[in-house]
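**Q** One structure coming up, written as structure tokens, with questions to follow.
The values are calculated or read from the model by the stated rules, or taken from the named source; none is laboratory data. None of the values given here were measured: they were computed from a predicted structure. Cβ coordinates were reconstructed from backbone atoms using ideal geometry, including for glycine residues, and neighbour counts include every protein chain displayed.
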Amino acid sequence: MQFNTSRRNKVPRYKVSRLGDNKEDEYPFSLQFYLTPPTENISLIEFESFAVDRLKLLKVVENLGVSMIKGTALYNQKLEAELKALQFPYKALLENDYDRRRKDHISHFILRLAYCQTEELRRWFIQQEMDLFRYRFTQLSDELAKKFLAYVNLAYDPVSETEKEAIGSDLRSATPGFNDADITHNVFYLVPFSDSVDLVRVKRVYFYGGYAYVPQQDFLVILMNNYRTRLSKALAITARSLPIIQTDERLQPLLSHLSHAYVGPDYSIEKNIGKISLEQIDALSVKSFPPCMRQLHKALRENHHLRHGGRMQYGLFLKGIGLTLEQALQFWKAEFIKGKLDADKFDKGYAYNIRHSYGKEGKRTDYTPFSCMKIIMSNPPGQGDYHGCPFRHSDPELLKQKLQSYKIPPTGISQILDLVKGMHYQVACQKYFELTHDVTDIGFSLNHPNQYFVESQQLLGGVKEVKKEQRQPENSQPKYSNQKSIATNSTLSSSNTPEEMELEGLEDYFAED
Ligand code: SF4
């Protein structure tokens, strides 16, 4: 898969293959290897909503994957419920599933564009897509699974009964957990070495003459390996074409936003303003601030100063929990003056930036607090900085010490460090929430520091109404970035309705590998 250099004129080499007259034939299965890019025109609205929904789905897959045992009944049940809610294919044999399968297909390719940009994004995307694929494959009946394998050219020749008998003892000793009866009753397949490396490496199969003798039950390993290889290659190739897509002024802001995307409310509250007093902040920072903000507050109190990244991250968070502009000016000034900064200098320099972040200066943009993804993915802290996400940006030993100082028990610390090691930073933060609030199930998927605060306050019974007032039906952050960027930058006529704005020929963005 790669991007074309001349988008308008090139004839796509891939087309969705139609197997018959029915459009249902385009997607014969409820799962795909996503070998063929979409070839139709879709509206910008649909493009964005598909992408956001798939991102939501992959977030849920990530959360379930680290908080439950994959493949258990509860895991499957929760994943099915999410697929259903987001209108993705959720049952292997569901009829009239064309729209869901189409959404699945297109949304996968859109996120490929957004998540090919860095090694870290690619790794995250592949992991979640793999988990999703594994779930879907295991939902297929044996018959459908067999058909799907044939469809993706992974149908291998079965070992004949005569050969099985001849090599029976070799098969038994090389296939862990198999006795003579298992050898007799199971079908084995001849799989070339290149497709069975993982099984050969861990000595799970009999290997002879360049072929692994794979029992049917181990086919999932082969399949997953194959899927991972294809997906990883496709993402690497897409990444090489990034400079081209970055010239598309309609897509570039959207895709770059998606890779930092937060799919929840933007916490740009107005009604809640003024409900927090400055005297409450110290106590709240311990009880209800997520570690990123707790760390910033502590650094500010100790050093009476924060560098720009910290002032932005913390200042907008405080704005989001309800500090008025006047309170913010008072709060920052009091602290900076303790650090021997001249009051006049504060008024001339720093006060402008605070007013700016409240939309009272410059372009008068009403900035919204940063989401976890934005904090985790952009502007990493340097020497002397305190912004960022401690789960992402702290050295593990320092993080451990920090958690100890927060009185997190040793078992909790090792659970958190394991999650951090697996790069599940937000899930690690959820674990921190559970441990500091003494709950066993956080009951929500953490995506935003202000969400952490609201949920904490609600749980502690402190500021009940905050939750209701803060939540607004917004699915992008910062709130002005997405639709506005598209509208402003779009080469399409401003008189077009959103439904009329079409991304012509999605296939123009993809070509065969
Ligand atoms: Fe802050 Fe989010 Fe990191 Fe938690 S996961 S510390 S809320 S950035």
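**Q** Return the total of residues in segment 402-418 being within 13 Å of the ligand (Cβ to nearest atom) and closer than 21 Å to residue 445 by Cβ. Break it down stepwise before answering.
**A** Just the residues of segment 402-418 that are within 13 Å of the ligand (Cβ to nearest atom), to begin with: 402-403, 406, 416.
Narrowing further to those that are closer than 21 Å to residue 445 by Cβ: 416.
Going through segment 402-418 one residue at a time, the tally reaches 1.
**Q** Give segment 359-369 a look and list any residue that's more than 15 Å from the ligand (Cβ to nearest atom) and either among the acidic types (Asp, Glu) or in contact (Cβ under 8 Å) with a residue 24 or more places away in the chain (or both), or say none.
**A** Here is the first cut: in segment 359-369, the residues more than 15 Å from the ligand (Cβ to nearest atom) are 359-367.
Answer for segment 359-369, where residues must be more than 15 Å from the ligand (Cβ to nearest atom) and either among the acidic types (Asp, Glu) or in contact (Cβ under 8 Å) with a residue 24 or more places away in the chain (or both): 360, 361, 365, 366, 367.
**Q** For segment 414-453, how many residues meet the condition of being over 15 Å from the mean Cα position of the chain (by Cα), in a loop (DSSP other than H, G, I, E, B), surrounded by fewer than 18 Cβ atoms within 10 Å (Cβ to Cβ) and not aromatic (Phe, Trp, Tyr)?
**A** Matching residues across segment 414-453 total 5.
**Q** While we're on this one: Filter segment 370-401 down to residues that are within 11 Å of the ligand (Cβ to nearest atom), assigned to a helix (DSSP H, G or I), at pLDDT 90 or above and not β-branched (Val, Ile, Thr), then give me how many there are.
**A** The qualifying residues number 6.
**Q** Another question, if that's okay. May I ask you to list the residues in segment 68-86 that are touching a helix residue (DSSP H, G or I) at 6+ places or on another chain (Cβ under 6 Å) and at pLDDT 90 or above?
**A** In the first step, residues of segment 68-86 are kept if they are touching a helix residue (DSSP H, G or I) at 6+ places or on another chain (Cβ under 6 Å); the result is 68, 75, 78-79, 82, 86.
Listed by number, the residues that qualify are 75, 78, 79, 82, 86.
**Q** Continuing with this model, one more query. Could you tell me which residue of segment 419-446 is nearest to the ligand (Cβ to nearest atom), considering only residues that are among the acidic types (Asp, Glu) and under 21 Å from residue 78 (Cβ atoms)?
**A** Let us first name the residues in segment 419-446 that are among the acidic types (Asp, Glu), namely 434, 438, 441.
Retained after the next criterion (residues that are under 21 Å from residue 78 (Cβ atoms)): 434, 441.
Values: 434: 13, 441: 17 Å.
Among residues in segment 419-446 that are among the acidic types (Asp, Glu) and under 21 Å from residue 78 (Cβ atoms), the one nearest to the ligand (Cβ to nearest atom) is 434.
**Q** If you take the residues in segment 336-358 that are loosely packed, with under 15 Cβ neighbours inside 10 Å and assigned to a loop (DSSP other than H, G, I, E, B), which one is nearest to the ligand (Cβ to nearest atom)?
**A** Restricting attention to segment 336-358, the residues satisfying the condition of being loosely packed, with under 15 Cβ neighbours inside 10 Å are 337-340, 342-345, 347-349, 352.
Remaining after also requiring assigned to a loop (DSSP other than H, G, I, E, B): 339-340, 342, 349.
On the way: 339: 25, 340: 30, 342: 33, 349: 27 Å.
Within segment 336-358, the match that is nearest to the ligand (Cβ to nearest atom) is 339.
**Q** May I pose another question? So in segment 456-467, with the set limited to residues that are surrounded by fewer than 21 Cβ atoms within 10 Å (Cβ to Cβ) and either within 11 Å of the ligand (Cβ to nearest atom) or hydrophobic (A, V, I, L, M, F, W, C) (or both), which one is modelled with the highest pLDDT?
**A** 456
Residues are listed down the side, and each one gets a yes or a no for (1) more than 18 Å from the chain's Cα centre (by Cα); (2) acidic (Asp, Glu); (3) part of a helix (DSSP H, G or I); (4) buried (at least 17 other Cβ atoms within 10 Å of the Cβ):
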{"site": "71", "(1), (2), (3), (4)": "yes, no, no, no"}
{"site": "84", "(1), (2), (3), (4)": "yes, no, yes, no"}
{"site": "89", "(1), (2), (3), (4)": "yes, no, no, yes"}
{"site": "100", "(1), (2), (3), (4)": "yes, no, yes, yes"}
{"site": "107", "(1), (2), (3), (4)": "no, no, yes, yes"}
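**Q** OK, next. I'd like the full set of residues that are closer than 13 Å to residue 385 by Cα, away from the ligand (no atom under 14 Å from the Cβ) and polar (S, T, N, Q), limited to segment 278-308.
**A** Hit for segment 278-308 is 303, nothing else.
**Q** Which number in (1) surrounded by fewer than 19 Cβ atoms within 10 Å (Cβ to Cβ); (2) in a helix (DSSP H, G or I) marks the one condition that residue 255 misses?
**A** Evaluating residue 255 over (1) surrounded by fewer than 19 Cβ atoms within 10 Å (Cβ to Cβ); (2) in a helix (DSSP H, G or I) leaves (1) as the failure.
**Q** Looking only at segment 236-248, decide whether some residue is of a type outside the set (Val, Ile, Thr) and crowded, with 21+ Cβ neighbours inside 10 Å. Talk me through it step by step, then tell me what you get.
**A** Just the residues of segment 236-248 that are of a type outside the set (Val, Ile, Thr), to begin with: 236, 239-243, 246, 248.
Adding the requirement that they be crowded, with 21+ Cβ neighbours inside 10 Å leaves none.
Looking through segment 236-248, none of the residues is of a type outside the set (Val, Ile, Thr) and crowded, with 21+ Cβ neighbours inside 10 Å.
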